[in-house]
1. Please list the non-local residues whose amide H lies under 5 Å from the amide H of residue 75, H modeled 1.01 Å from N, same-chain partners needing a gap of 5 or more.
2. So what is log10(I(q)/I(0)) for the stretch 12-125 at q = 0.10, 0.21, 0.23, 0.24 1/Å, when the Debye sum runs over its Cα atoms only?
3. Round to a whole number: what % of the accessible area of the chain belongs to carbon and sulfur, probe 1.4 Å?
4. Where does the chain land at 222 nm, in deg cm²/dmol rounded to the nearest 500, when only DSSP H runs of n ≥ 4 count, each adding -39500 (n - 2.57), divided by all residues?
5. Applying the Karplus parametrisation 6.51 cos²θ - 1.76 cosθ + 1.60 with θ = phi - 60° to the phi angles of the stretch 150-157, what ³J(HN,Hα) value in whole Hz is obtained for each residue in order, glycine and proline being reported as x?
6. Can you give the accessible area per residue of the chain, in Å², using a 1.4 Å probe?
7. What is the set of long-range amide H partners of residue 178 at a cut-off below 5 Å, with H atoms built 1.01 Å from backbone N?
8. With every protein chain left in place and a probe of 1.4 Å, what is the accessible surface of residue 143, to the nearest 10 Å²?
Amino acid sequence: MAPPAIRLATLEDVESLAALHVRAWQSAYRGLLPDDLLDGISLEEWTRRRRKSMEQPASPLTRTWVRVGARGLIGFAIAGPCRDADLPVGATGEVYAMYLEPAAVGLGHGRTLMEHTLRVLQEQGFGEVALWVLEGNARARRFYELAGFRLDPGAPPRTLTIQGRALEAPEVRLRRLLP
């Protein structure tokens, strides 16, 4: 059996990506976001949005990477140029999203996927990288801190909005330099 691999996502992955994204949200954000929101996530809507974002990426440098094992998709990361107006354009990359199958959390797949994503951002010429995380998501924040990210105290305040619904869920920005 071949070990898990990382590859660029294709349009054939869209449905699996969306389904994994929904499961990851429902697992990681239970207790952080309202249950009715998590339970009511529309897989069809998330599939449509994922397809559109892959067909029309925000930037030619935007990439979606998937970690794949013998049983299928394990996780994914989406990264590209930073979207934050207060950071240097062209010098800062951003990890837009990173999610794993709930059963795969803590097994090293996230670390491998993050290392790969950071390496690609560095190869694209970015000198630093930023990401946003729910302020109350202690597990994710620990993971990112172990990957070298630090809280950016100068970041503008931001609150999560999903499916047109503004939530009482503040986000914080983390940043790190790339070698």
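The values are calculated or read from the model by the stated rules, or taken from the named source; none is laboratory data. All figures in this text were calculated on a predicted structure; none of them were measured in a lab. Reconstructed Cβ throughout: ideal geometry from the backbone, glycine too, with neighbour counts over all protein chains shown. Side chains are part of the model used for accessible areas, which takes the heavy atoms of the whole protein and leaves out ligands, DNA and RNA. Shrake-Rupley method; radii C 1.70, N 1.55, O 1.52, S 1.80 Å.
1. Residues meeting the amide H criterion: 67, 101.
2. Normalising to I(0) and taking log10 leaves -0.32, -1.25, -1.34, -1.37.
3. In the chain, the share of accessible area belonging to carbon and sulfur is 53 percent.
4. -9500 deg cm²/dmol
5. 10, 4, 9, x, x, 5, x, x
6. 54 Å²
7. Excluding prolines and chain starts, which carry no amide H, the hits are 128, 129.
8. Approximately 60 Å² for this residue.
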